[in-house]
Amino acid sequence: MPDVITFGEAMVRLAPPSHRRLEQTRTLDITVGGAELDTAVGVARLGHSCSWVSRLTDNALGRLIANHAREAGVSTEACLWTPDDRVGLYFYEFGAAPRPPGVLYDRKDSAFANVRPGMFDWPRLLAGAKWFHITGITPAVGAKTADATREALEAARAVGVATSIDLNYRAKLWTPAEAGKCLGELVALCDYLITTREDIANVFGIEAPDHETAAARVAERFGLKSVALTLREGSLGWRNTLSAMLWHPGGILRTRSYEVEIVDRLGAGDSFAAGFIHGVLTHDLQKALDWGVAMSALKHTIPSDFAWVTREEVEALLGGAGMRVDR
């Protein structure tokens, strides 16, 4: 049985090359992306057995997604296949200051959007697992996916599996009021929350004078074991500074900062979640925070949503590795 299980939608990603706009491009680069699958890939790359649970259309695009997941070391045995519905797509335009990057979704009535409670045998799928991870995107994509997410979290809690949620508020999928009502119920079923101060304010209306207070307030409201906040500074599309902090009952933890040159920022937050999960499973909360930021920093340098990194590369960065050519 896998150590870590994630649950959510993956889509085919179509992106114009060379910072072109969708209106002007004549070619599109094809990759695969989805928050929970991205996290599963990161966890698998760090040496853990990992299974991604989803619903896919039985056609070439569905097989493309499953093939990419397996290539990255993630099991797709728990995925359901349907001859109906469709595979979701999204189009990504790379930005360059002052033009921000942008996403155009084409995912209505996808196979995953039609997930319902009762489709997955969660007690069987979770048997022997150590961790179950979701994001706030999963309950937003369909009328019943929120109910299916709640069913999964309740099953994980019933068998004693650690649970985490990356809040990942998406304004193009639902309103803050809709998200707050639904995600409040789901966060209360989780042990660990990964988010940003901005999402805490947008989704839960928790305004605070600083990151530490925001994290403490959301932890108190939902009874969480810890809350990790990712921090990003910088106004340029190609260069940012990353760090993170964490609230837990014993105090506040922080990480060093990384100055990153951004090749592709999609999947960076999911990579943080992967490093965090790895750290909790193998070390402690400080290591979890450190591994999360290091994974996220490396992901920024890699095209596509997946973190094509090795555990050794993350360890080297944590150890202070510089930019000399590796030869």
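Given the structure, is L46 of a type outside the set (G, A, S) and in contact with a strand residue (DSSP E or B) (Cβ under 9 Å, 6 or more places away or on another chain)?
Answer is no for this residue.
Restricting region 65-111 to residues that are of a type in the set (S, T, Y) and part of a strand (DSSP E or B), which is surrounded by the most Cβ atoms within 10 Å (Cβ to Cβ)? Working first, answer last.
Applying the first criterion (of a type in the set (S, T, Y)) to region 65-111 yields 75-76, 82, 90, 92, 105, 110.
Okay, now just the ones that are also part of a strand (DSSP E or B), so 75, 82, 90, 92, 105, 110.
Numbers: S75: 17, T82: 16, Y90: 17, Y92: 21, Y105: 15, S110: 23.
Looking at the filtered set, the residue picked out is S110.
Which one is modelled with the lowest pLDDT, of the residues in region 228-243 that are farther than 20 Å from Y192 by Cα and assigned to a strand (DSSP E or B)?
R239
Take V218 and decide whether it is without any contact (Cβ under 8 Å) to a residue 60 or more places away in the chain and either surrounded by fewer than 14 Cβ atoms within 10 Å (Cβ to Cβ) or assigned to a strand (DSSP E or B) (or both).
No, not satisfied.
Would you be able to tell me the number of residues in region 121-137 that are touching a strand residue (DSSP E or B) at 6+ places or on another chain (Cβ under 6 Å) and either modelled with pLDDT under 95 or in a loop (DSSP other than H, G, I, E, B) (or both)?
Qualifying residue count, region 121-137: 1.
The values are calculated or read from the model by the stated rules, or taken from the named source; none is laboratory data. Just so it is clear, the model here is predicted, and its values are computed rather than measured. When we count neighbours, we look across all protein chains shown, and the Cβ atoms used for this are built from the backbone with ideal geometry, even at glycine.
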